[in-house]
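J.: A single structure is presented below for examination.
The values are calculated or read from the model by the stated rules, or taken from the named source; none is laboratory data. Just so it is clear, the structure is predicted and the values come from calculations on it, not from any experiment. Virtual Cβ from ideal backbone geometry, glycine too; neighbours counted across all protein chains shown. Surface accessibility is based on the protein's heavy atoms, side chains included, excluding ligands, DNA and RNA. Shrake-Rupley method; radii C 1.70, N 1.55, O 1.52, S 1.80 Å.
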Number of protein chains: 2
Amino acid sequence: MGSSVLCHYSIKKGAAFLGLGTDSVRVVKADERGKMIPEDLERQISLAEAEGAVPFLVCATSGTTVLGAFDPLEAIADVCQRHGLWMHVDAAWGGSVLLSQTHRNLLDGIQRADSVAWNPHKLLTAGLQCSALLLQDTSNLLKHCHGSQASYLFQQDKFYDVALDTGDKVVQCGRRVDCLKLWLMWKAQGGQGLERRVDQAFALARYLVEEIKKREGFVLVMEPEFVNVCFWFVPPSLRGKQESPDYSERLAKVAPILKERMVKEGSMMIGYQPHGTRGNFFRMVVANPALTRADMDFLLNELERLGQDL
Amino acid sequence: MGSSVLCHYSIKKGAAFLGLGTDSVRVVKADERGKMIPEDLERQISLAEAEGAVPFLVCATSGTTVLGAFDPLEAIADVCQRHGLWMHVDAAWGGSVLLSQTHRNLLDGIQRADSVAWNPHKLLTAGLQCSALLLQDTSNLLKHCHGSQASYLFQQDKFYDVALDTGDKVVQCGRRVDCLKLWLMWKAQGGQGLERRVDQAFALARYLVEEIKKREGFVLVMEPEFVNVCFWFVPPSLRGKQESPDYSERLAKVAPILKERMVKEGSMMIGYQPHGTRGNFFRMVVANPALTRADMDFLLNELERLGQDL
């Protein structure tokens, strides 16, 4: 298995659960924007083979958790094809972008994946949880993998086509009909309605980015390509002190303090995290379709207010 | 791993998922009421050890899916103690019986288990899904097993005790706060309210059993000890034909036909299944607290009506 250094932690966790062991996950390098480097993927495959391992799966990410980066799927698909590897795309976060004619190019190449994971409960805001696993396979693979043929639950002598029964194809036994939420939402909003939701999220993220650039005391981590807007709030006492040796260390302590203050105030909830060599920065994910420009302004004003004495 | 022949199919499925392989699950014999035979468990452990295997877990069941059987936990705990094995109790279905002073003796010995699985979404009718894993361990075992320390999600520099954060202890990442349903229900109903629910289910199951005994054309599979009432409906054309060589075969075809008719009619939904050498029989699970004796009467009348021409 190979996946980028910035892939979701569920990849290693899954390897542990399946008994493969986390050492079986090879970490592929990502560029400065968080995208997997296909040349390094190729290198890792050769290295693994040289060690006698048998690579079988590559996990690309469409929309990483922190930076919202999209791996170059076409190039990764080429590598998978050359080496006969299963190509999985973790599009849990970014998969919904496919609904937008304007932005779907971020996922170019996803049609070559063997499997795709997608969470409509993220960007489309379907109720938790609503996860889809999309497969090229048409041989009833999930049934082959998960079927337990428990005759006391999955009766075969029914009056309709039992191939329609999904109970024996899934991991769980008792579970909710999660797909119903997606179906109802899609029927209610239409493809165009969902597209508007995605496009609006991109537009609002862009607005936030431009406002951040206008304000003293806010520094973008990088220009986002998705709706994850990553930035530092630099409080008054640290402004212009970039050359100070303890600048990064002191800046990293700002986000936790502001988070505490906003939680106690009850005004906002914005995540923060360190990332690689970068100290704690805020990650505002602009996804909720009810958000407006006024909310973005409030967010920045509130951070300024909460951090004015720092 | 060892579990009874009547344990839930999730045991084998779990072994497959974890990479242990289904062959690592030893099937222990059950008696005619569906209860694990502790002597056979001991025998299976010795056999496994003789083959060089290292047994590590015994899974007992409190409330099997079909018959509602409770394994003899004290005797099983003795075996586990003698051999130093982890004792897990799958009390998904029967665990709620602990809330009843009258019936909790069915689970005598469960206090000796290392782990217990319990689904309040079953007998207590909490909304799907609401599953609890109870552990004797106080060393933060789930964190040791599942923790991934994804620094971008599970920040440690918070203003409160991060030991309270459960995110890194569970299998999933994004998930609902399932325990809230249980907490709210418990607060609303109280321990006594939930006890009444359990006791009422037992009482109503008892009523159904007695009514079944009074009617021609209904045959109990066995006297239930729980709220699973298993029975055959014997249609007019098969009554008194028990000695006929094709009796069992013809009787097994009755339940699927009646199920089809009740589904198309929209009047009821009762499960049926074959079980061991027994052909298809109905399993009425009396759990819904809104059920009344009138519903039990309707159930039997409706089966008679739907099956009168068979």
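J.: Along the charge dipole of chain B, Cβ charges K/R +1 and D/E -1, which of B:PHE154, B:TRP86, B:LEU134 sits furthest on the positive end?
T.: It is B:PHE154, whose Cα lies furthest towards the positive end.
J.: Could you give, in nm with one decimal, how far A:ASP31 is from each other copy of that position, shortest first, with labels 7 Å out from Cα toward Cβ?
T.: So the label point of A:ASP31 gives 7.1 nm to the other copies.
J.: Hey, what do the phi angles of the stretch A:156-163 turn into as Karplus ³J(HN,Hα) couplings, whole Hz, using 6.51/-1.76/1.60 and θ = phi - 60°, x for Gly and Pro?
T.: Ordered by residue, 3J(HN,Hα) equals 9, 8, 9, 8, 10, 5, 5, 5 Hz.
J.: Next question, about the same structure. Mind checking which of A:MET222, A:PRO256, A:ASN288 is farthest towards the positive end of the stretch A:190-306's charge dipole, using Cβ charges of +1 (Lys, Arg) and -1 (Asp, Glu) about the Cα centre?
T.: Among A:MET222, A:PRO256, A:ASN288, the one farthest towards the positive end of the dipole of the stretch A:190-306 is A:PRO256.
J.: Let me understand the stretch B:190-306 better: what is its radius of gyration from the alpha carbons, and its Dmax, in angstrom?
T.: 14.9, 54
J.: Moving on. Please list the radius of gyration and Dmax for the stretch B:2-181, considering alpha-carbon atoms only, with Å as the unit.
T.: Answer for the stretch B:2-181, Rg first and Dmax second: 17.8, 58 Å.
J.: Among A:GLY21, A:GLY109, A:GLY217, which one shows the biggest mean-square fluctuation in a GNM of chain A, springs joining Cα atoms closer than 10 Å?
T.: Judging by the Gaussian network model, the answer is A:GLY21.
J.: Might you work out the accessible area of B:LEU67 for me, using a 1.4 Å probe with all protein chains in place, and round it to the nearest 10 Å²?
T.: Counting only protein heavy atoms, the figure is 10 Å².
J.: Would you kindly work out, in nm and rounded to one decimal, the distances from the label point of A:THR277 to those of the same position in each other copy, ordered shortest first, with label points 7 Å along Cα-to-Cβ?
T.: 7.5
J.: Kindly write out, for the stretch B:247-262 in residue order, the coupling ³J(HN,Hα) from the Karplus curve 6.51 cos²θ - 1.76 cosθ + 1.60 (θ = phi - 60°), rounded to whole Hz, with x marking Gly and Pro.
T.: 4, 4, 4, 5, 5, 5, 8, 6, 4, x, 5, 5, 4, 4, 5, 5
J.: Point me to the residue of chain B whose C-beta lies closest to the B-onto-A rotation axis, rounding the distance to whole angstrom.
T.: Nearest to the symmetry axis by Cβ: B:GLY19, 1.
J.: With every protein chain present, what is the per residue accessible area of chain B (1.4 Å probe, Å²)? Intermediate values should be presented prior to the final figure.
T.: Numbers: 14930 Å² over 310 residues.
Value for chain B: 48 Å² per residue.
J.: Sequence neighbours fewer than 8 away in the same chain don't count; with that in mind, list the lysines whose C-alpha is under 20 Å from B:LYS35.
T.: The reachable lysines, counting only those whose Cα sits under 20 Å from B:LYS35, are B:LYS12.
J.: With the crude spin-label approximation of a point 7 Å out along Cα→Cβ, what separation in nm comes out for B:LEU220 versus B:ARG293?
T.: 1.8 nm
J.: For the protein assembly as shown, what is the calculated [θ] at 222 nm in deg cm²/dmol (nearest 500), taking -39500 (n - 2.57) for each run of four or more DSSP H residues and dividing by its residue count? If you can, show how the numbers build up before the last one.
T.: Working: 16 runs with 213 residues, N = 620.
About -11000 deg cm²/dmol.
J.: Based on alpha-carbon centroids, what's the gap between the stretch A:44-88 and the stretch A:268-288 in Å, whole number please?
T.: 27 Å
J.: Size of the dipole of the stretch B:190-306 about the Cα centre, Lys and Arg at +1 and Asp and Glu at -1 on the beta carbon, nothing else charged, in debye to 20?
T.: Numbers: 17 positive and 16 negative charges, 38 e Å.
Around 180 debye, computed over the stretch B:190-306.
J.: Under 19 Å Cα-Cα from B:LYS122, which lysines qualify once same-chain neighbours fewer than 8 residues away are excluded?
T.: Partners found: B:LYS181, B:LYS187.
J.: Defining the label point at 7 Å along Cα→Cβ, can you sort the distances from A:GLN149 to the same site in each other copy, shortest first, in nm?
T.: In nanometres, ordered from closest: 4.4.
J.: If you don't mind, another one. Suppose every K and R has +1 on its Cβ and every D and E has -1 on its Cβ; what is the size of the dipole of the stretch A:1-105 about the Cα centre, in Debye to the nearest 20? Don't jump to the answer; show the numbers that get you there.
T.: Working: 9 positive and 12 negative charges, 61 e Å.
Dipole magnitude for the stretch A:1-105 comes out near 300 debye.
J.: State to the nearest 20 debye the size of the charge dipole of the protein assembly as shown about its Cα centre, where the only charges are +1 on K and R beta carbons and -1 on D and E beta carbons. The partial results should precede the final answer.
T.: Numbers: 70 positive and 74 negative charges, 258 e Å.
Dipole magnitude for the protein assembly as shown comes out near 1240 debye.
J.: For a test of the definition: using alpha carbon positions, the gyration tensor, and the 1.5 limit on a/c, classify the stretch B:76-193 as rounded, prolate or oblate.
T.: Note, shape of the stretch B:76-193 comes out oblate.
J.: With viscosity set to 1.002 mPa s at 20 °C, what whole-number translational diffusion coefficient in µm²/s follows for chain A from Stokes-Einstein and a Kirkwood radius over Cα pairs? Present the calculation step by step, with values, prior to reporting the outcome.
T.: Values: Rh = 21.8 Å.
Translational D for this selection: 98 µm²/s.
J.: To check my understanding: the extent here is largest minus smallest coordinate of the Cα atoms along each principal axis. What are those three numbers for the stretch A:55-106, in Å, largest first?
T.: 32, 22, 14
J.: Here's something else I'd like to know. Could you derive backbone 3J(HN,Hα) for the stretch B:70-82 from the dihedral phi with the Karplus parameters 6.51, -1.76 and 1.60 (θ = phi - 60°), listing whole Hz in sequence and x where the residue is Gly or Pro?
T.: 10, 5, x, 5, 4, 5, 5, 5, 4, 4, 4, 5, 4
J.: Cut-off under 16 Å on the C-alpha distance; same-chain residues fewer than 8 positions from A:LYS169 excluded. Which aspartates and glutamates are left, in chain and number order?
T.: Output for A:LYS169: A:ASP137, A:ASP161, A:ASP178.
J.: Then there is this: Give me Rg/Rg_expected for the protein assembly as shown, where Rg uses Cα atoms only and Rg_expected = 2.2 N^0.38 Å with N residues. Intermediate results must be reported in sequence, preceding the final value.
T.: Details: Rg = 28.8 Å, N = 620, 2.2 N^0.38 = 25.3 Å.
Against the compact-globule rule of thumb, the ratio is 1.14.
J.: In square nanometres, what is one fourth of the surface area of the convex hull spanned by the alpha carbons of the stretch A:178-224?
T.: Details: hull surface 18.5 nm².
Reported value for the Cα convex hull: 4.6 nm².
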